[in-house]
Structures are given as C-alpha cells and as structure tokens.
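Here's the structure we're looking at; comments come further down.
The values are calculated or read from the model by the stated rules, or taken from the named source; none is laboratory data. Predicted model, so just to flag it, every value in this text is computed and none were measured. FYI the Cβ positions are ideal-geometry reconstructions off the backbone, even for glycines, and counts take in every protein chain you see.
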Amino acid sequence: MAKRTFQDIVPPEKRTIRNIPIPEGRKPRLDIEPPRKRAEINEPLEAPKPTRRSRPEPENEPAWVPPQRPRTSSSGRKGSRWGLWIVVVVVLLVLAFAISSLLADATVKVTERNAAAQVSGTFTASRTGEDDTIPFDIIKVSRDESKSISADAAAAPAASSTAEKSPATKASGQIVIYNNQSSSSQTLIANTRFQTSDGLIYRISKAVAVPGTTIKDGQKVPGSVEVTVTADQAGAKYDIGLVDFKIPGFKGDPRYDTIYARSKTPMTGGADEGSAPGVSSDTVSQTRDEIDYDLKQALLSDAKAQIPQNFTTIDSGLIYSFTHDAPASDPANPDSAKITEHGTLYAVIVNETSLGQAVADRFLPVPGGGDVVVSNLPDLNFTISSTTPFDPEKDTQFDFTLNGTAQLVWTYDQAALKKDLEGIGKNEVNSILAKYPSIKSADVVVRPFWNRNLPKDPQKITITNVVSQSQ
C-alpha cells in the first residue's frame, strides 16, 4: 500500500476575527424561534416581521427605548368636537340677531273710529274762524292759453256765420327797471311812460316801487324790478326786439339818466286792423270753448297744489272767470289767426277738521272725542247760500248749506303714534293705543317673526289706515 506523504500533516489553525471570543455581556441578543411542531407545519406561514438589528449595548448601560406618541382618549376627542359645534352655533345666533336687527320692520294696520250721519243744515264760514264759524280761505290762480286757427279751417264757415275782421292789437312784453340814483327806492305811478330811442311809447298798468342801490363786494349795485309794459298804441310796429328805455317824465332831471329800463323779452302781439286772416265767429267761439276747457283743468291742478294741510276744496266753491282777446295774427305762422284766453280760478277751501267737528256735534247723538273729518265731502250737496252773490275778492264771510249722508272719520296724529311705538314690546301695543280714542283697533305684524319688539327706528314702522263699515 502506497504511503500517503501528507496524510499525517495537520495544518496549523488559522486565526481569524471570527474565532475571537466575545464577552458574555456584549453578545447580541438573538431571538431563536424554537423548532416548530409537525402539526404547525401545515399552518399558513406569516411573513416574518422585520426586526431591527440592535447594536450591542455596553455593560451597565440601559437599553434604548423609542419615544412613544401620547395617546388621546376618545372622550377627549368628543369633548373638543362638541366645543367646536357650540362655537359655531353661538356665531350663527349672533349673525342671525345682527341680520334681524338690520332687516327688522313692523306694519301697523289701524282701524279708525267712524260713523255715518244724515246731514241737512246751514253753516257759516269766515276767514277768521271766530264765533264758532268754520274757517275758510281763497286760493287764486291765473293762466293764459292760446291756440292758432289756420286759414284753411276757417275757409268754409256755416252759412249763418259771418267773417270776423281782426282788430288792431297792442304789443306787450317784460322790462327790467333799474334805479341807480340813490339807496332810496323810487315809486313810479300807474301809466308811467317808457320810451325807446325810436320814440315808441310803452306804459306800465300799475304803480311800482324800484329798490334803491346797494353795496356788494365794494361796488354799488343798482336796484331793479321786473314789470310788464304795453304799447301806447295798437299796431304791428310796436313788435320790437330787445332795447333800452328812458322815462320821458324825468327829462331835465338827474333821474332821467339814473333811472332807466331794458327789455327782458321782445315786445309781441301788436297787429294792425284786419292784418290777421279772417276767421268765422263760429270757429272762434268753438276754439275759445276748447281753450277754456283745458284752462279749467290746468287751473284746478294749480289750485290743488297750493291747498294747505287740513283744508279741502268743494266743487261748488270753484269760481272760474275767463276773458279773451280778439283774434290776432300769429307771428310764428302768418297764415293763422291766434286766439288767446285768460283764465282765473277762485277756489274756496274750508278747514275739514272744523267742518267735521261741526257736523259731528250737530248730527251725532254721542259725538265722542278727538278730531273728526267728513271723508266724503265731494259726495255731499254744498251750496253757498248768501243772499248776495259771493265775491271771493272782498267777502270775508258766507253761509252755506250741506245735505247728504256724511261719512265721519276720527283722525289721529300718525307721527306721534310712531314715536310712542318705537322699541316697545308687542304686548304693550294695546296700552299705547288706549291713549288714542280715535283708533278703534290695530293689527301689528313684526318681522322677522321671532322679534318680540317693534323697531326703534320710526322709519321702519309703517302705519296704514283700514276703512271699516260705518257704525
């Protein structure tokens, strides 16, 4: 048997770091899972959880423990959630209160006391209202209105009509009179003449006082007044433009140069006899009726605009007066004749509270307190019954009869009621209404519906009157 040469040779043990013994305290902790039993082999395998290899810990050094996040209990989370909801609800309530304060308003429907009375009697009215008379006043308004008639419209008059020849007419216009004489006013009598440089004479119809000079910003300013002048003679030559005027009566006096006038409007309306196109009398009469009808409507509207509070008009107290000019040539249309009407209305107005009180005192068995008015005065028969014709310019007293069924309504001070209702509770309204005997009842609606008080701003309180059946 051949001898193996290297069989008995043992190589020296190789030293490596793996063979260096590790002290017991520095050995890593290894979690070695014990052998699994055969029964557990068939169980599904779970993926091994990754483990972090820890560094060897030195002796006597505590093991590192990762920081733990503080855990909040479920009851704490619920408490914070409830707190948030409470804050939201409070904010919403505040907003709702603010909006309701801005949008709050109230409507008060007032039913006034009323009654019907059969009236038939005579009353006395006077301008002063003394001695249990009913106060009255007169409103005077005037208007002028013109209408042109074309020559074609008048070319075929009725057989019974006759052509009306146009007369000569006087021109008129507005001037401004200046007083540069002194600080004292200057009175000019009626019919004072004003002369142009061409010698044409115009006159004023009424006396006028021209104010004296004043000082403004260190400068002397002449006094002035505006008046209407009319040509001294009829004729088309008096239709002139804007010119200066002297006063012939002051000639030879210093006032001749210091008191003078200047046109404000051209002088118009002057015409020679027969210069206007011929028109039939029937056409002229019809045109005047049309103008008078329009004038009546305009005059009544002007008068109603001037009626003071607590006064009212009556149809039988409307007194109209009309005058007219002869047909004249129309400067804007030479082929037409101009028809001009002058209308004046005297409107008798009576104090409706005094009249209502007089009717209630005389024709109601229990008149009651508070102011009362006749709400249907136009429906009653109101007739001025003075023995002589009533002159609205001069008469200060007249008698009148009143007949019919008067609807009496007791009134109240609406502004005072608003003031009393400001900011009060709905349950206090009745106690406020008790102070107003003229109010029968009231219905109060406050918005938004949850508001229990009326607005403090009177502009947000609306009061309306409701008409009820007469007692």
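Does region 323-331 contain at least one residue that is under 27 Å from S150 (Cα atoms) and under 39 Å from the mean Cα position of the chain (by Cα)? Steps first, please.
Filtering region 323-331 for residues under 27 Å from S150 (Cα atoms) gives 323-331.
With under 39 Å from the mean Cα position of the chain (by Cα) added as a condition, the list becomes 323.
For region 323-331, residues under 27 Å from S150 (Cα atoms) and under 39 Å from the mean Cα position of the chain (by Cα): present.
Restricting attention to region 305-337, report how many residues are at negative phi, part of a loop (DSSP other than H, G, I, E, B) and modelled with pLDDT of 80 or more.
5
Kindly list the number of the only condition in (1) closer than 30 Å to G317 by Cβ; (2) in a strand (DSSP E or B) that fails for S441.
(1)
For region 377-388, does any single residue satisfy the condition of being under 21 Å from D105 (Cβ atoms) and either in contact with a Gly (Cβ under 7 Å, 6 or more places away or on another chain) or of a type in the set (K, R) (or both)?
Of the residues in region 377-388, the ones under 21 Å from D105 (Cβ atoms) are none.
Looking through region 377-388, none of the residues is under 21 Å from D105 (Cβ atoms) and either in contact with a Gly (Cβ under 7 Å, 6 or more places away or on another chain) or of a type in the set (K, R) (or both).
Suppose we filter region 292-322 for residues that are of a type in the set (K, R) and under 24 Å from the mean Cα position of the chain (by Cα); how many remain?
Result for region 292-322: 1.
For region 247-264, give me each residue that is assigned to a strand (DSSP E or B) and farther than 16 Å from A209 by Cα.
At the first step, the residues of region 247-264 found to be assigned to a strand (DSSP E or B) are 259-263.
Residues satisfying the conditions are R262, S263.
If you go through region 171-184 one residue at a time, do you hit one that is modelled with pLDDT under 90 and either farther than 12 Å from I247 by Cβ or in contact with a Phe, Trp or Tyr (Cβ under 7 Å, 6 or more places away or on another chain) (or both)?
Step one: of region 171-184, the residues modelled with pLDDT under 90 are 171.
Subsequent filtering for residues that are either farther than 12 Å from I247 by Cβ or in contact with a Phe, Trp or Tyr (Cβ under 7 Å, 6 or more places away or on another chain) (or both) retains 171.
Looking through region 171-184, at least one residue is modelled with pLDDT under 90 and either farther than 12 Å from I247 by Cβ or in contact with a Phe, Trp or Tyr (Cβ under 7 Å, 6 or more places away or on another chain) (or both).
Rundown of residues vs (1) at pLDDT 75 or above; (2) in a helix (DSSP H, G or I), yes/no style:
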| position | (1), (2) |
| --- | --- |
| L93 | yes, yes |
| S101 | no, yes |
| F123 | yes, no |
| G129 | yes, no |
| P135 | yes, no |
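Hey, does region 287-304 have a residue that's in contact (Cβ under 8 Å) with a residue 24 or more places away in the chain, closer than 30 Å to L377 by Cα, in a strand (DSSP E or B) and among the small types (G, A, S)?
no
Tally up the residues in region 191-226 that are small (G, A, S) and touching a residue at least 24 places away in the same chain (Cβ under 8 Å), please.
Qualifying residue count, region 191-226: 6.
Give just the number: which of (1) exposed (fewer than 14 other Cβ atoms within 10 Å of the Cβ); (2) touching a helix residue (DSSP H, G or I) at 6+ places or on another chain (Cβ under 9 Å); (3) part of a strand (DSSP E or B) does K419 not satisfy?
(3)
Can you name the residue in region 138-170 that is of a type in the set (D, E, K, R) and surrounded by 17 or more Cβ atoms within 10 Å (Cβ to Cβ) and is also modelled with the highest pLDDT among such residues?
The extreme case among them is K170.
Please state which one of A442, A415, A406 is within 35 Å of the chain's Cα centre (by Cα) and over 18 Å from T353 (Cα atoms).
Testing whether each residue is within 35 Å of the chain's Cα centre (by Cα) and over 18 Å from T353 (Cα atoms) leaves just A442.
I'm trying to understand the selection: among the residues of region 439-452, which are surrounded by 16 or more Cβ atoms within 10 Å (Cβ to Cβ) and modelled with pLDDT of 85 or more?
I439, K440, A442, V444, V446, listed by residue number.
With assigned to a strand (DSSP E or B) and without any contact (Cβ under 8 Å) to a residue 40 or more places away in the chain as the only criterion, which of V373, V350 stands out?
Only one candidate qualifies: V373.
State the number of residues belonging to region 121-137 that are out of contact with any Asp or Glu (no Cβ under 7 Å at 6 or more places or on another chain), polar (S, T, N, Q) and surrounded by fewer than 15 Cβ atoms within 10 Å (Cβ to Cβ).
Here the count works out to 1.
Would you check if T340 is in contact (Cβ under 8 Å) with a residue 60 or more places away in the chain, among the polar types (S, T, N, Q), within 13 Å of V141 (Cβ to Cβ) and assigned to a strand (DSSP E or B)?
no
What single numbered condition from (1) more than 20 Å from V110 (Cβ to Cβ); (2) touching a helix residue (DSSP H, G or I) at 6+ places or on another chain (Cβ under 8 Å) fails to hold for D391?
For D391, the failing item is (2).
Given the structure, is A406 assigned to a strand (DSSP E or B) and at pLDDT 85 or above?
On the way: assigned to a strand (DSSP E or B): yes; at pLDDT 85 or above: yes.
Judged against the criteria, A406 is a match.
Looking at region 238-266, which of its residues are surrounded by 14 or more Cβ atoms within 10 Å (Cβ to Cβ), within 15 Å of I201 (Cβ to Cβ) and either without any contact (Cβ under 8 Å) to a residue 40 or more places away in the chain or hydrophobic (A, V, I, L, M, F, W, C) (or both)?
I240, V243, F245, I247, F250, A261
If a residue has to be modelled with pLDDT under 80, among the small types (G, A, S) and part of a helix (DSSP H, G or I) to count, how many in region 265-286 make the cut?
Number of matching residues: 1.
Of all residues in region 422-438 being of a type in the set (S, T, Y) and assigned to a loop (DSSP other than H, G, I, E, B), which is farthest from I319 (Cα to Cα)?
First pass over region 422-438, keeping only residues of a type in the set (S, T, Y): 431, 436, 438.
Filter again for assigned to a loop (DSSP other than H, G, I, E, B), leaving 436, 438.
Numbers: Y436: 39, S438: 35 Å.
Only one residue tops the list, namely Y436.
Here are some residues: N403, N465, N427. Which one is over 30 Å from F123 (Cα atoms) and surrounded by fewer than 19 Cβ atoms within 10 Å (Cβ to Cβ)?
Residue meeting the stated conditions: N427.
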